[in-house]
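These notes concern the structure reproduced below.
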Amino acid sequence: MSEYRLDITGMIGLSDYSNIHDYMGVIGSEDQLVITIGPGDVDNAQIVTDMLQRNNFEISTKGGHDDGRFYISAYRRK
């Protein structure tokens, strides 16, 4: 089982969503993915969460922190 990280800073545009989707394709079964978004970008965090769930990921934890960033921890189901 491998662990991947994706740190997103700044505004997320349409081409960024395509890149995020491509990155999800690299992750294998039961691999862990931690995504950091923000600060203050809760709407985009929900869109990324929905993308993960549609691509066979199970969300372990998600939420904001005192630093204003939004964190999503997920793993790809078998």
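The values are calculated or read from the model by the stated rules, or taken from the named source; none is laboratory data. Computed from a predicted model, the values in this text were never measured in an experiment. Please note: Cβ atoms are built from the backbone with ideal geometry, for glycine as well, and neighbour counts cover all protein chains shown. All accessible areas refer to the heavy atoms of the entire protein, side chains included, with ligands and DNA or RNA removed. Shrake-Rupley method; radii C 1.70, N 1.55, O 1.52, S 1.80 Å.
Brief remarks follow.
- Selection within segment 24-37 - β-branched (Val, Ile, Thr) and open to solvent by 20 Å² or more (accessible area, probe 1.4 Å): VAL26, VAL34
- Residues that are modelled with pLDDT of 95 or more and surrounded by fewer than 16 Cβ atoms within 10 Å (Cβ to Cβ), drawn from segment 43-54: ASP50, MET51, GLN53, ARG54
- Close pairs from segment 60-75: first in contact (Cβ under 8 Å) with a residue 24 or more places away in the chain and in a loop (DSSP other than H, G, I, E, B), partner hydrophobic (A, V, I, L, M, F, W, C) and surrounded by fewer than 17 Cβ atoms within 10 Å (Cβ to Cβ), Cβ under 7 Å, at least 6 apart: none
- Filter pass, GLY40 being modelled with pLDDT under 90, open to solvent by less than 60 Å² (accessible area, probe 1.4 Å) and at positive phi: no
- Qualifying residues in segment 1-23 (those that are loosely packed, with under 14 Cβ neighbours inside 10 Å and among the hydrophobic types (A, V, I, L, M, F, W, C)) - the one nearest to ARG77 (Cα to Cα): MET1
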